[in-house]
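The values are calculated or read from the model by the stated rules, or taken from the named source; none is laboratory data. Remember, predicted model here, so these are calculated numbers, not experimental data. Here the Cβ positions follow ideal geometry from the backbone for every residue, glycine too, while neighbour counts run over all protein chains shown. We work out accessible area using only protein heavy atoms, side chains counted, and drop any ligands, DNA or RNA first. Shrake-Rupley method; radii C 1.70, N 1.55, O 1.52, S 1.80 Å.
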Amino acid sequence: QVQLVESGGGSVQAGGSLRLSCVAYGYTYSYSCTGWFRQALGKEREGVAALYIGGIYTGGSRIYYADSVKGRFTISQDNAKNTLSLQMNSLEPEDTAMYYCAARRGGYCSRDISASDFAYWGQGTQVTVSS
């Protein structure tokens, strides 16, 4: 049974930073697309960042970001700890949302970071940015 467990959310002022982590149980991050999504109140869930780490013979590595977070957020993966992370800097009130990590059942990432591509989801962690 696959379980994704997020942590690291909280409340910060605009301009601050947070680091989200997602530990996977029953799932290995290697060679599958993993990503972060967020959903603000009254809005649809949107893809924030996606990461695929492959080898030379498996398509190399790919990282995609939503335009709204480029240059501020960084997605990374620690295979030894089976942990996916999202470093969020220069946070803005518009970043306030519930953040979810997600993983595909194998396969690459798509540039549009579509939620329908992902089979496994964490329970979410709240990020609140005040002005």
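Annotations
- DSSP bridge analysis restricted to segment 16-131 gives an antiparallel fraction near 95%, rounded to the nearest 5.
- No Cys partner within the rule (Cβ under 4.7 Å), the chain: none
- Carbon/sulfur fraction of accessible area - the chain, other protein chains in place, 1.4 Å, %: 48
- The chain - accessible surface per residue (Å², probe 1.4 Å): 52
- Radius of gyration (Cα atoms) of the chain, expressed as a multiple of 2.2 N^0.38 Å: 0.99.
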